[in-house]
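Only one structure is covered here, and it is reproduced in the block below.
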Amino acid sequence: MSVYWQDEHTETLPNGVVVTVAISPEDISPEGQFASGDDDADKEMVADIYRRLEQDLWAWCCVRVRATYAGFQGEDYLHGCACFGGVKEFMQPGSYFDDMRDAAIADLMSTLEREAQPNPSAVLALQTLKGAK
């Protein structure tokens, strides 16, 4: 199965890192993913997801946050995201987005460190980002 990503938000941080939030249809079923202790409420949540999913991919999706700098990238993923408020809700302060952005940037830095030996452009990018803190 081919996966497509729909970009929902892009921002450039002061250090030049570009952060992109994208979503893709989730291939994990929502059934069995909720355990509130109230089986009827869990079933209603799943039914609501399916109703909303007909018009809104945010109802049940996989979210990717990607940090890009100088041609290098880092990523973080969240599977089974039911975010009925869309990208604005997802990006509220204190939400998953903050942690995912930080994880994507950490992954970017790890990529640059790993690539630094054989790749001079990675060395330059790493030095620039470490100096931009």
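No lab work stands behind these numbers, since they all come straight from the coordinates. Quick caveat, the model's predicted, so the values are computed rather than measured. As a convention, Cβ positions derive from the backbone with ideal geometry for all residues, glycine included, and neighbour counts pool all protein chains shown.
A value for Cα Rg over 2.2 N^0.38 Å was derived from the coordinates, and within the list (1) 1.16; (2) 2.20; (3) 1.25 it appears as (3). To the nearest 10 degrees, how steeply does helix 120-131 sit against the main Cα axis of the chain, on a 0 to 90 scale? Once rounded, the angle reads 80 degrees. Principal-axis analysis of the Cα atoms of the chain puts helix 96-115 at an angle of about 40° to the longest axis. Find, among the GluC sites (Glu not before Pro) in segment 60-114, those assigned to loop by DSSP (not H, G, I, E, B) with at most 13 other beta-carbon atoms within 10 angstrom. Counting only loop positions with at most 13 other Cβ atoms within 10 Å, none of the GluC sites (Glu not before Pro) in segment 60-114 qualifies. Restricting segment 64-133 to chymotrypsin sites (Phe, Trp or Tyr not before Pro) that sit in a DSSP loop and have at most 16 other Cβ atoms within 10 Å of their own Cβ leaves Phe84.
Under a model in which nothing but the beta-carbon of Lys, Arg (+1) and Asp, Glu (-1) is charged, the chain shows a dipole of about 820 debye around its Cα centre. If you take the charge dipole of the chain about its Cα centre, with +1 on Lys and Arg Cβ and -1 on Asp and Glu Cβ, which of Val3, Gly37, Pro14 is farthest toward its positive end? Looking along the dipole axis, the top candidate is Pro14.
Each stretch of four or more DSSP H residues adds -39500 (n - 2.57); spread over every residue of the chain, this sum gives -12500 deg cm²/dmol at 222 nm. Ordered by the number of other Cβ atoms lying within 10 Å of each residue's own Cβ, fewest first, Trp60, Trp5 fall into the sequence Trp5, Trp60.
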